[in-house]
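Beneath this line is the structure, given in structure tokens, with notes to follow.
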């Protein structure tokens, strides 16, 4: 039986990026996906009624992909992915014949909005200009760093003007922000449609900053040549070049037991975490000990979703671990306390 250092369930783009980094670091990792093609939301298919015409079923625009650190780290351009930058991003047709347009060039966007309502166009410019330094100096650096506790982040941002404004605007939902700052119904609808393309609940509080940061971002709207699937193919090639394996048509129920445990107590442990705030940002928390079948650890991650655990005994610190699926061994999980401590209860001791 082949032994792997890690097994990733699902081969969406976040999982593939995670696997590519692990494989690049020298770990033997396999990803398993029930679908026929890797990539998750990156499918590109040929239209049955129009042979030769391909279109994306889900992900179409990839904003600022080539400026992402992982795009460069994984050398994806070498594996055949190429991005084209689009001048025009979105057009919203109005019943009266007017068209609201969102361009990569903000001045063209402003003129399009001003033709419908100049006051709202001026308000859009105000928030865009106000959020340029916030996006550049706060939001983008935070997105590239491990998340910090909410209280620590708030205390840090309260110390300067831009930070306080970000906290204030973030308290709103996108709907509340748009309703408060804009008047024209057509512009309100278009802005919420544009914000909704980020696949979020427009009524959810805590995301009022999304819209101004979107217009303030320097990241360009891009389209993948050959369709979104080209990005998935490049990620798979990068993984395979580092010795990793991507297996499709592999439904989870058919997966056998992923690993066997051969160690006696006391155990050392590392927990592979998928942090919800950072979209598959992988962290290793540990090493830690287990007593009375209860694992306790502290994490700076506000919301975590453990996907696998690795065990080794205290006498073996070679960095090689055996992995087991979390659902087979644990029956409960909770996060508690200001320290973000967490605990899991084992169904059975971590033995074969």
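Some notes on this structure:
- With each label modelled as a point 7 angstrom along the Cα→C-beta vector, the residue 70-residue 9 pair spans 2.0 nm.
- If the chain linking residue 25 and residue 119 were pulled fully straight, counting 0.36 nm for each residue of separation and taking away their Cα-Cα distance, it would gain 28.5 nm.
- Order of 61, 177, 53, 71 - criterion: other Cβ atoms within 10 Å of each residue's Cβ, fewest first: 53, 61, 71, 177
- Residues 134, 65, arranged from fewest to most other Cβ atoms within 10 angstrom of their Cβ, appear as 65, 134.
- Relative contact order (%) - criterion: Cα under 8 Å, at least six apart; region: segment 105-219: 33 percent
- Per residue, the Cα convex hull of segment 191-250 amounts to 180 Å³.
- Sorting 31, 173 from the fewest to the most surrounding beta carbons within 10 angstrom yields 173, 31.
Each reported figure results from applying straightforward, stated rules to the coordinates on display, with no laboratory input. Small disclaimer: the values here were computed from a predicted structure and weren't measured. FYI the Cβ positions are ideal-geometry reconstructions off the backbone, even for glycines, and counts take in every protein chain you see.
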